[in-house]
Amino acid sequence: KAGVTQTPRYLIKTRGQQVTLSCSPISGHRSVSWYQQTPGQGLQFLFEYFSETQRNKGNFPGRFSGRQFSNSRSEMNVSTLELGDSALYLCASSRSVGTGIMNTEAFFGQGTRLTVV
Amino acid sequence: ELKVEQNPLFLSMQEGKNYTIYCNYSTTSDRLYWYRQDPGKSLESLFVLLSNGAVKQEGRLMASLDTKARLSTLHITAAVHDLSATYFCAVESNYQLIWGAGTKLIIKP
């Protein structure tokens, strides 16, 4: 069974540029979540999508956006990059059964390490 | 605001010893997760605890959940070097996981 696939694995961008990260969930999983991990702030929630609908969004500026496609694949975009956006971006997928219940278990991809210079 | 606190944040121990990592959270939730992260790697799911009194064991690791006390523990028995990693607990709330700061565990031969 294939796991969660994130591409690219590594990115180096310049301040002011924009970036798009991709996440392919485990087959059959309809919920995709994104998290940012930094040494200073730890793991922080960005957003969660289920069946192409954003169900929750974390406390990040509007420069951070995402979407989910009909095949459950998800992308997140960061515009006007800042040095502080350098982080490991992790995508998680889960089955998500029922309303009001996120999942039984979330499986994480290998992450995309973004460096902004 | 839901907060998740882990302690200790750093733990250095000898092989063969036992120790416990604690995870306290600030609001009602009956879904708690433990993950492991190796340096430069992603998060590996260890345990999913879905109800009060839940206890799960895998090898030398055992996790439990007390929803009334809002406390989960991860107990390490007879530690071995391969268990060196950072361990995170996370609580589910409103379609997201709220994370503890992580416990960096170093096990010395």
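The values are calculated or read from the model by the stated rules, or taken from the named source; none is laboratory data. No experiment lies behind these values; they were computed from the predicted model shown. Ideal geometry is used to build each Cβ from the backbone, glycine not excepted, and the neighbour counts take in all protein chains shown. Accessible surface areas use protein heavy atoms only, side chains included; no ligands, DNA or RNA. Shrake-Rupley method; radii C 1.70, N 1.55, O 1.52, S 1.80 Å.
Of all residues in segment B:58-70 being over 23 Å from B:SER26 (Cβ atoms) and in a strand (DSSP E or B), which is least open to solvent (accessible area, probe 1.4 Å)? Of everything passing the filter in segment B:58-70, B:LEU61 is least open to solvent (accessible area, probe 1.4 Å).
Please determine whether any residue of segment A:49-66 is in a strand (DSSP E or B), open to solvent by less than 20 Å² (accessible area, probe 1.4 Å), more than 11 Å from every other protein chain (Cβ to nearest Cβ) and over 29 Å from B:PRO39 (Cα atoms). No. When segment B:58-68 is limited to residues that are touching a residue at least 12 places away in the same chain (Cβ under 8 Å) and out of contact with any strand residue (DSSP E or B) (no Cβ under 8 Å at 6 or more places or on another chain), the one that is nearest to the other protein chains (Cβ to nearest Cβ) turns out to be B:THR67.
Pairing each residue of segment B:24-38 that is closer than 19 Å to B:ARG60 by Cβ with any residue that is among the charged types (D, E, K, R), provided the two are 6+ apart or on different chains, yields C-beta distances under 6 Å for B:ARG36/B:GLU44. Residues in segment B:94-109 that are more than 7 Å from every other protein chain (Cβ to nearest Cβ) and either in a strand (DSSP E or B) or hydroxyl-bearing (Ser, Thr, Tyr) (or both): B:ILE98, B:THR103, B:LYS104, B:LEU105, B:ILE106, B:ILE107, B:LYS108. With respect to being more than 11 Å from the chain's Cα centre (by Cα), modelled with pLDDT of 95 or more and of a type outside the set (A, V, I, L, M, F, W, C), A:PRO39 falls outside the description.
Condition check ((1) assigned to a loop (DSSP other than H, G, I, E, B); (2) open to solvent by 70 Å² or more (accessible area, probe 1.4 Å); (3) within 14 Å of another protein chain (Cβ to nearest Cβ)) across all residues:
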{"position": "B:MET13", "(1), (2), (3)": "no, no, no"}
{"position": "B:ILE21", "(1), (2), (3)": "no, no, no"}
{"position": "B:ASN24", "(1), (2), (3)": "no, no, no"}
{"position": "B:TYR33", "(1), (2), (3)": "no, no, yes"}
{"position": "B:LEU46", "(1), (2), (3)": "no, no, yes"}
{"position": "B:GLY53", "(1), (2), (3)": "yes, no, no"}
{"position": "B:LYS56", "(1), (2), (3)": "no, yes, yes"}
{"position": "B:SER72", "(1), (2), (3)": "no, no, no"}
{"position": "B:GLU92", "(1), (2), (3)": "no, no, yes"}
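Between residues in segment A:64-86 that are over 19 Å from A:PHE108 (Cβ atoms) and residues that are of a type in the set (S, T, N, Q) and buried (at least 20 other Cβ atoms within 10 Å of the Cβ), which pairs lie under 7 Å by C-beta distance while being six or more apart or on different chains? Short answer, once both residue conditions are applied: A:ARG67/A:SER74.
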